[in-house]
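*Asks:* Here it is: the structure, laid out below.
The values are calculated or read from the model by the stated rules, or taken from the named source; none is laboratory data. Note that this is a predicted model, so its numbers are computed, not measured. Neighbour counts are summed over all protein chains in view; Cβ atoms, including those assigned to glycine, are modelled from backbone coordinates with ideal geometry. All accessible areas refer to the heavy atoms of the entire protein, side chains included, with ligands and DNA or RNA removed. Shrake-Rupley method; radii C 1.70, N 1.55, O 1.52, S 1.80 Å.
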Amino acid sequence: MIKKNVKINLESGLDVRPVAVLVQVANRYSSQIYIRNDKHRFNAKSIMGMMTLCTENATDLEITADGADEEEAVAQIEKYLSGQSA
């Protein structure tokens, strides 16, 4: 299992469109992937769960992945959330 803290660097934060892209990125991997904010943990592969996350730019989140491709999954999600595309 890997945990990594990431600061969102997306102009609009995580609103509807960026959340949809994030879910697409997460679904490329077989690992279980979760995103945690201060209070809640969300399944990164669930569009409905992630829609409730909607958060602003510069917010800190924790990415957790567990599985065969966990390192690549976390790296690509971090790359996307930090504004470097994925």
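*Asks:* For the chain, what does the helix formula give at 222 nm: sum of -39500 (n - 2.57) over DSSP H segments with n ≥ 4, over the residue count, nearest 500 deg cm²/dmol? Can you show the working numbers first?
*Replies:* Details: 3 runs with 28 residues, N = 86.
Mean residue ellipticity at 222 nm (helix-derived): -9500 deg cm²/dmol.
*Asks:* Here's another thing I want to ask about it. For residue 28 and residue 71 in the same chain, what is the full-extension length gain: residue separation times 0.36 nm, less their Cα-Cα distance, in nm? Kindly include the intermediate steps, with their values, before the conclusion.
*Replies:* On the way: separation 43, 0.36 × 43 = 15.48 nm, distance 1.28 nm.
Full extension from residue 28 to residue 71 adds 14.2 nm.
*Asks:* Ignoring any ligand, DNA or RNA, what whole percent of the accessible area of the chain comes from carbon and sulfur when the probe is 1.4 angstrom? Numbers along the way, then the final one.
*Replies:* On the way: 2190 of 4980 Å².
Answer for the chain: carbon and sulfur cover 44 percent of the accessible area.
*Asks:* Tell me, what is the 1.4 Å probe accessible area of residue 36, in Å² to the nearest 10?
*Replies:* The accessible area of residue 36 comes to roughly 100 Å².
*Asks:* Any idea how far apart residue 4 and residue 36 come out in nm if each label point goes 7 Å out from Cα toward Cβ?
*Replies:* Placing both labels 7 Å along Cα→Cβ, they lie 1.7 nm apart.
*Asks:* Taking the structure as given and computing Cα Rg over 2.2 N^0.38 Å, which label from (1) 1.44; (2) 0.93; (3) 1.88 fits?
*Replies:* Read-out from the structure maps to (2).
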